[in-house]
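The values are calculated or read from the model by the stated rules, or taken from the named source; none is laboratory data. Since the model is a prediction, treat every value here as computed from it, not as a measurement. All Cβ positions, glycine included, derive from the backbone under ideal geometry; neighbour counts span all protein chains shown. Accessible surface areas use protein heavy atoms only, side chains included; no ligands, DNA or RNA. Shrake-Rupley method; radii C 1.70, N 1.55, O 1.52, S 1.80 Å.
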Amino acid sequence: MKMRRAVGTHGTLHRIEGLQKRHDTQQSLPTLLCDSEGCGAPVRFVAGDPSHIALAKGAEHQPGCRYIAPGRLQAILAAGSDSEFLPALDDGRHELRLLLLQQALKRGGIEQHTLDGYLGTLADLLLLRAMCESDDLVASQVTLRLGKKRVDWENFFYDQERYDQAWERIGTGTTDLPMALVGTVRSHRSPQPGSLFLNCAPKYQHTGVADRRDFYEVSVGHADAAWLKSFPVGAEIVMFGLWRQGRSSTSSRPHPTDPRRTITNVTHKLALWPGFKRQLALVE
């Protein structure tokens, strides 16, 4: 599992953002240990896009560590198992029913206690998925269903490198499929009083067309500015719900070294207006 924090040998908590700054300024990095209670396995900072913390070579987490993905998944399933939205199947797997989420987001009418339990379990599953390298583990134990239709995890969960695929899927307009996106907070912007947008780092994509670049931007809007600002710049977050395409925009500027050429940037926007605050969760 990818980790976003660890402790030093003197008990100091180190997060990805601070370790990245030390790496960028060529400062020495501290000796790092797993921060899960009772573990303390040696770990290391891995610079990349995105950066993360991983086990040191040859090291292993201690039994019960929260970074042992299979054990964490089983704990989530055991705590959240419910015949209505996460029933156990005959083959030992579980089925997560997305229709309840879709209906709650579109029309409401679900008892608050039931909805809180559903959103909490779904957030836990998505946070675990965000910390894994692929869909494989979660998909092996949890199938997704929207009404009578089976949904593949790749059509439900999108990381930054797949923002373009999420945008295209929404553009088909064939279904109000709830989707989960994971991103890194880049900024907070208040275009008008009474609302705030949390913006994530975009996906930048070469198009194969000379001097044209596409950007896929992900934003979350809400009237509670303080809540959105509680997710700081640099934090990794999971966002899930009913997404909408924004209007694409095109801008042009002169090429920086060749005045005969023009650079064209096309920006595609994905937006989420969550009806419940549990639709956003911090990856830690």
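Okay, here's what the table says:
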item	result
Candidates LEU115, LEU100, LEU128 - the one that is in contact with a helix residue (DSSP H, G or I) (Cβ under 7 Å, 6 or more places away or on another chain), aliphatic (A, V, I, L, M) and farther than 23 Å from TRP273 by Cβ	LEU128
Residue pairs meeting the criteria (Cβ under 9 Å; at least 6 apart or on separate chains; first over 16 Å from GLY241 (Cβ atoms), in region 144-166; second among the polar types (S, T, N, Q) and crowded, with 17+ Cβ neighbours inside 10 Å)	GLY147/GLN102; ARG150/THR143; TRP153/THR143; GLN160/THR184
Residue tally, condition surrounded by 14 or more Cβ atoms within 10 Å (Cβ to Cβ) and either out of contact with any helix residue (DSSP H, G or I) (no Cβ under 8 Å at 6 or more places or on another chain) or without any contact (Cβ under 8 Å) to a residue 60 or more places away in the chain (or both), over region 249-268	5
Residues located in region 1-21, provided they are over 25 Å from GLY71 (Cβ atoms) and either among the β-branched types (Val, Ile, Thr) or in contact with an Asp or Glu (Cβ under 8 Å, 6 or more places away or on another chain) (or both)	THR9, THR12
Subset tally (residues that are outside any loop (DSSP other than H, G, I, E, B) and either open to solvent by 50 Å² or more (accessible area, probe 1.4 Å) or within 18 Å of CYS65 (Cβ to Cβ) (or both)) for region 22-55	12
When residues of region 146-174 are limited to those that are of a type in the set (Lys, Arg) and within 20 Å of GLN279 (Cβ to Cβ), the one farthest from the chain's Cα centre (by Cα)	ARG169
Scope region 230-248; condition closer than 30 Å to LEU98 by Cβ, open to solvent by 60 Å² or more (accessible area, probe 1.4 Å) and either among the β-branched types (Val, Ile, Thr) or without any contact (Cβ under 8 Å) to a residue 12 or more places away in the chain (or both); matching residues	SER230
Conditions (1) open to solvent by 70 Å² or more (accessible area, probe 1.4 Å); (2) at positive phi; (3) of a type outside the set (Phe, Trp, Tyr); number of the one not met by GLY92	(1)
Search result, residues across region 226-276 that are outside any strand (DSSP E or B), closer than 22 Å to PRO50 by Cα and basic (Lys, Arg)	LYS229
Selection from region 1-21 of residues that are free of Cβ contacts under 8 Å to residues at least 24 places away in the same chain and open to solvent by 70 Å² or more (accessible area, probe 1.4 Å)	HIS10, THR12, LEU13, ARG15, LYS21
Subset of region 20-64 [within 19 Å of ALA235 (Cβ to Cβ) and hydroxyl-bearing (Ser, Thr, Tyr)]	SER51
Output for region 56-80, where each listed residue is open to solvent by less than 70 Å² (accessible area, probe 1.4 Å), of a type in the set (A, V, I, L, M) and assigned to a helix (DSSP H, G or I)	ALA69, LEU73, ALA75, ILE76, LEU77
Meets criteria (in contact (Cβ under 8 Å) with a residue 40 or more places away in the chain, under 30 Å from HIS14 (Cβ atoms) and surrounded by fewer than 18 Cβ atoms within 10 Å (Cβ to Cβ)) for LEU282	yes
